[in-house]
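Here is the structure we will look at.
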Amino acid sequence: MKRYSAFAVAKEALSHHMGWERAWASPEPKERYDAIIIGAGGHGLATAYYLGKNHGITNVAILEKGWLGGGNTGRNTTIIRSNYLQDPSAAIYEKSRSLYETLSQDLNYNVMFSPRGVIMLAQTQHEVRGYERTAHANALQGVTTEFISPARVKELCPIINLDGPRYPVLGGLWQARAGTARHDAVAWGYARACSDMGMHVIQKCEVTGVRTEGGKVTGVTTSRGDIACDRLGIVVAGHSGHLADMAGFRLPVESVALQALVSEPIKPCMDVVVMANTVHGYMSQSDKGEMVIGGGADGYNNYTQRGSFHHIEETVRALIETFPMISRLKMLRQWGGIVDMTGDRSPILSKTPVENCFINCGWGTGGFKAIPGSGWGFAELMAKGTSPLCDAFSLDRFKEGRFIDESVAAGVAH
Ligand SMILES: Cc1cc2nc3c(=O)[nH]c(=O)nc-3n(C[C@H](O)[C@H](O)[C@H](O)COP(=O)(O)OP(=O)(O)OC[C@H]3O[C@@H](n4cnc5c(N)ncnc54)[C@H](O)[C@@H]3O)c2cc1C
């Protein structure tokens, strides 16, 4: 594929931009692939990309029942950070954050990574102690974070109200190289790079069955016919339980709706991301000027892609306490995604009881930030059967009681 560059933009301008080729091909499915990935969200596409780039496996199909990036990857509030408490989490999230730093160059696609910094507010003594502990853990893990004072919070985010009616701001956990990226561009960039390597990104192709023989995966049944494969990766977020059911095993995940909303666009007023977990809401400003707002997950299992109505009121109320100036803003749109939550709020990157069938799920409310690192590790797991980034996140941990408890770092707000 032609490389994107300033020179290419200038050259195409001469022909009124009519000469650009399609960013990715739309091929018909073949009868067989070395590897099939189910789900063309960020994690599925990144897995395919690193299978090709790091392990030379390019006879790969990524099957997507809708359109690529149309699941949670295109519905999230794009916060990227790696300030988790447990060592395995810090390793995979920090790998991911560091890959984001150069992802645009790597993919030759501008993913608009913006390391503007993330503050997680401490609004109770309990949170102060919790975040101080995380800052110490991060120092040992080589992740750069610091616990900052209320005055420093105000300096970084002048529109914040430190003396809210319910909870004052007592400080915050600050990660200066955390930030945001453009979610669609992450999916599109990986899809284009996969297509460039000769992989097949096949949209409108729903997997309806997993075929096995003698306990080993042999292929999938889809809305576009049967397709054989040697290795299968299930990477379908909120639909993981259904796909596991098709393959004949059970998963310890629950699917719930998580929602977000954006305001009308306004002039730049905030150049950091703020998360307020006690009052519960988080906010950043998009490049278009909209205030991007995230709220809580529904308290019951469901597959709606919109979320419960009362959450909007609770989230907006929490953010008006924290940022009184937004009380005069009009909200523009609201939407939801189906997130897959595990009991310890950590993901599952694992072999399964079916030989050569692998599962990547359980990212819950916080998997956008993990896309490059998860793809890197999961591709290694699929190629070699083991991966230092993934091994701690295996399914066995639920049998062995080896939980990776991130309920504070990733419970709902993220
Ligand atoms: C409102 C909201 C806000 C969020 N905010 C953040 C945030 O700020 N930061 C952060 O890090 N994370 C955030 N997340 C979480 C993040 O979006 C997800 O963890 C991440 O996008 C999951 O990516 P994925 O590739 O695993 O799943 P998805 O992007 O959902 O992709 C899975 C794909 O599988 C496809 N699929 C399902 N079943 C089948 C089938 N049978 N056959 C073929 N294809 C199938 C789906 O159509 C979908 O496209 C948020 C999520 C939501 C909903």
Worksheet, complete the sentence: The number of residues in region 40-53 that are out of contact with any strand residue (DSSP E or B) (no Cβ under 7 Å at 6 or more places or on another chain) and within 11 Å of the ligand (Cβ to nearest atom) is 3
Worksheet item: Any residue in region 286-306 that is aliphatic (A, V, I, L, M) and open to solvent by 30 Å² or more (accessible area, probe 1.4 Å)?
Response: no
Discussion item. Kindly evaluate A25 against the criterion of being open to solvent by 30 Å² or more (accessible area, probe 1.4 Å), free of Cβ contacts under 8 Å to residues at least 24 places away in the same chain, small (G, A, S) and over 30 Å from G385 (Cβ atoms).
Written reply: no
Worksheet item: Quick check: anything in region 322-344 in contact with a Phe, Trp or Tyr (Cβ under 7 Å, 6 or more places away or on another chain) and under 30 Å from P168 (Cα atoms)?
Response: yes
Discussion item. Being open to solvent by 40 Å² or more (accessible area, probe 1.4 Å) and within 9 Å of the ligand (Cβ to nearest atom) is the requirement here; does E206 meet it?
Written reply: yes
Worksheet entry | Of residues in region 331-364 being within 9 Å of the ligand (Cβ to nearest atom) and in a strand (DSSP E or B), the one farthest from the chain's Cα centre (by Cα) | W335
Worksheet, complete the sentence: Picked from region 274-285 (must be open to solvent by less than 20 Å² (accessible area, probe 1.4 Å) and within 15 Å of the ligand (Cβ to nearest atom)), the residue farthest from L173 (Cα to Cα) is Q285
Worksheet item: Going by the structure shown, is R152 touching a strand residue (DSSP E or B) at 6+ places or on another chain (Cβ under 8 Å), within 16 Å of the ligand (Cβ to nearest atom) and open to solvent by 20 Å² or more (accessible area, probe 1.4 Å)?
Response: no
Worksheet item: Residues in region 48-106 that are closer than 30 Å to S223 by Cα, part of a loop (DSSP other than H, G, I, E, B) and either open to solvent by less than 40 Å² (accessible area, probe 1.4 Å) or in contact with a Lys or Arg (Cβ under 6 Å, 6 or more places away or on another chain) (or both): how many?
Response: 8
Practice prompt. State whether one or more residues within region 42-54 are farther than 30 Å from G142 by Cβ and in contact (Cβ under 8 Å) with a residue 12 or more places away in the chain.
Written response: no
Fill in: Residues of region 155-195 classified as open to solvent by 40 Å² or more (accessible area, probe 1.4 Å), among the hydrophobic types (A, V, I, L, M, F, W, C) and in a loop (DSSP other than H, G, I, E, B), total
2
Discussion item. Among the residues that make up region 178-199, is at least one of them within 11 Å of the ligand (Cβ to nearest atom), farther than 30 Å from Y84 by Cβ and not aliphatic (A, V, I, L, M)?
Written reply: no
Worksheet item: Which residues, taken from region 122-146, are touching a Gly at 6+ places or on another chain (Cβ under 7 Å) and surrounded by fewer than 18 Cβ atoms within 10 Å (Cβ to Cβ)?
Response: V128
Item to complete: Provide a single number: the residues in region 365-410 that are within 24 Å of V210 (Cα to Cα), assigned to a loop (DSSP other than H, G, I, E, B), open to solvent by 10 Å² or more (accessible area, probe 1.4 Å) and in contact (Cβ under 8 Å) with a residue 12 or more places away in the chain.
Response: 4
Worksheet entry | Only listed residue being in a strand (DSSP E or B) and open to solvent by 10 Å² or more (accessible area, probe 1.4 Å), chosen from D245, D230, D271 | D230
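How many of the residues in region 365-402 are within 13 Å of the ligand (Cβ to nearest atom) and of a type in the set (K, R)?
Residues flagged as within 13 Å of the ligand (Cβ to nearest atom) and of a type in the set (K, R) within region 365-402 amount to 1.
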Discussion item. Suppose we keep only residues that are open to solvent by 10 Å² or more (accessible area, probe 1.4 Å) and more than 10 Å from the ligand (Cβ to nearest atom) within region 256-265. Which one would you say is nearest to T315 (Cα to Cα)?
Written reply: E264
Item to complete: State all residues of region 55-77 that are among the polar types (S, T, N, Q) and either at pLDDT below 95 or in contact with a Gly (Cβ under 6 Å, 6 or more places away or on another chain) (or both); if no residue qualifies, say none.
Response: T58, N72, T73, T77
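Working carefully through the options I312, I326, I320, I338, find the one that is free of Cβ contacts under 8 Å to residues at least 24 places away in the same chain, surrounded by 14 or more Cβ atoms within 10 Å (Cβ to Cβ) and of a type outside the set (K, R). Before you say what the answer is, go through the steps one by one.
Working: I312 fails: free of Cβ contacts under 8 Å to residues at least 24 places away in the same chain; I326 fails: free of Cβ contacts under 8 Å to residues at least 24 places away in the same chain; I338 fails: free of Cβ contacts under 8 Å to residues at least 24 places away in the same chain.
Just a single option satisfies the conditions, and that option is I320.
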Worksheet, complete the sentence: Residues of region 317-332 being touching a helix residue (DSSP H, G or I) at 6+ places or on another chain (Cβ under 8 Å) and under 30 Å from G66 (Cβ atoms), in sequence order, are M331
Worksheet item: Take the residues of region 107-121 that are open to solvent by 30 Å² or more (accessible area, probe 1.4 Å) and in contact with a helix residue (DSSP H, G or I) (Cβ under 9 Å, 6 or more places away or on another chain): which is farthest from L319 (Cα to Cα)?
Response: Y109
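The values are calculated or read from the model by the stated rules, or taken from the named source; none is laboratory data. What you are looking at is a predicted structure, and each value in this text was computed from that prediction instead of being measured. Glycine also receives a Cβ, built like all others from the backbone with ideal geometry; neighbour counts cover every protein chain displayed. Quick note on the areas: whole protein, heavy atoms, side chains included, nothing else; ligands and nucleic acids left out. Shrake-Rupley method; radii C 1.70, N 1.55, O 1.52, S 1.80 Å.
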